[in-house]
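Any read-out appearing in this document is the output of simple, stated calculations on the displayed coordinates, not a laboratory observation. Being a predicted model, the structure only gives us computed values, none of them experimental. Heads up, the Cβs are rebuilt from the backbone with ideal geometry, glycines too, and the neighbour counts pull from every protein chain shown.
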Ligand SMILES: Nc1ncnc2c1ncn2[C@@H]1O[C@H](COP(=O)(O)OP(=O)(O)OP(=O)(O)O)[C@@H](O)[C@H]1O
């Protein structure tokens, strides 16, 4: 089956700054793909290239099997996008605002009722948009991206600015979208918690590079546990643990010995304790702990220097 979105070495340079650096990403059909990265990592620039709004410096992007550079209009027909600005007319109702887009796209009237229903806004559709809460505007925005039932939805930070109820609502919609509408969803966020609760797949962008991509459940299952330890001789402890096949990292409060996936953490820490004591190294503390996706995110995605982040 063709992927809903596929890029190969997609690159965008702004003068001397490489905003997107040879990104090859694959968003499987019917996935909710969380596109994760810190502010300034290059997410919006990537999304704009997928939508044909800016040209890549190099590389290719295919949306719904259509090459965006070769057939911009054809690719645009495959995708509905929710970017930051809503551009709704406050003095018109939700339904009237949707109707403007519907008639531009030449779609039948019943499309409006369908999308209003999907975002559970039918009962508010007659109210003026100026009276809507931000969460309602966001839902209306989502409804507009779904007009014409494009197979791919691209949503840039869809929960930005929402209150906790609005966030919970939006997450619920997004999770259910592939099943309810058959669409594939690509959503960007700088919050891991957001992605963990919503997405089936994740791609992490750091300094313009895709540093990790995969199915969320699999990535979590593959996270090897690790052993945190404090000793009186970190250098020898490191050498000893490495000799026993551990990957050893320095941490703020001592050392971290990483296990291989599937290895039993308790057995490994007991064996390591014995080995350390046998080598006359004093062990102050040792304990197995599980690795979180949060830890991985921090590891693979260091903060963007302030000079490069947008203001
Ligand atoms: N039109 C532009 N001209 C020059 N530099 C730009 C332009 N657009 C983006 N950049 C730079 O490219 C980098 C990536 O920006 P981008 O907006 O894609 O990041 P992002 O991951 O979407 O961040 P955010 O979450 O803050 O929107 C940043 O360093 C930004 O300053």
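Only residues that are under 24 Å from residue 176 (Cα atoms) and assigned to a loop (DSSP other than H, G, I, E, B): list them for the range 86-106, please.
Of everything in the range 86-106, just one residue is under 24 Å from residue 176 (Cα atoms) and assigned to a loop (DSSP other than H, G, I, E, B), namely 86.
Go through the range 1-15 and give me each residue that's surrounded by fewer than 19 Cβ atoms within 10 Å (Cβ to Cβ) and within 10 Å of the ligand (Cβ to nearest atom).
13, 14, 15, listed by residue number.
Filter the range 157-182 down to the residues that are more than 13 Å from residue 137 (Cα to Cα), under 19 Å from the mean Cα position of the chain (by Cα) and in a loop (DSSP other than H, G, I, E, B) and list them by number.
157
Can you pull out the strands (runs of 3 or more DSSP E) entirely within the range 193-311 that have at least 2 residues that are touching a residue at least 40 places away in the same chain (Cβ under 8 Å)? Can you show your working first?
Values: elements: 201-206, 209-215, 226-231, 247-251, 254-258, 283-289.
Correct list: 201-206, 209-215, 226-231, 283-289.
Please go through (1) touching a residue at least 40 places away in the same chain (Cβ under 8 Å); (2) at negative phi; (3) within 16 Å of the ligand (Cβ to nearest atom) for residue 162 and return the number of the only condition it doesn't satisfy.
The number of the failed condition is (1).
Contact list please: Cβ distance under 9 Å, first residue in the range 52-66 and free of Cβ contacts under 8 Å to residues at least 60 places away in the same chain, second residue assigned to a loop (DSSP other than H, G, I, E, B) and within 12 Å of the ligand (Cβ to nearest atom), pairs at least six apart or on different chains.
Between residues of the range 52-66 that are free of Cβ contacts under 8 Å to residues at least 60 places away in the same chain and residues that are assigned to a loop (DSSP other than H, G, I, E, B) and within 12 Å of the ligand (Cβ to nearest atom), the close pairs are 53/83.
Scan the range 16-69 for residues that are buried (at least 22 other Cβ atoms within 10 Å of the Cβ), within 15 Å of the ligand (Cβ to nearest atom) and more than 19 Å from the chain's Cα centre (by Cα) and jot them down.
56, the sole residue that qualifies.
Which ones in the range 252-262 are over 27 Å from the mean Cα position of the chain (by Cα) and either exposed (fewer than 15 other Cβ atoms within 10 Å of the Cβ) or farther than 18 Å from residue 223 by Cβ (or both)?
Passing the criteria: 252, 253, 254, 255.
Could you check how many residues of the range 108-140 are surrounded by fewer than 16 Cβ atoms within 10 Å (Cβ to Cβ) and outside any helix (DSSP H, G or I)?
7
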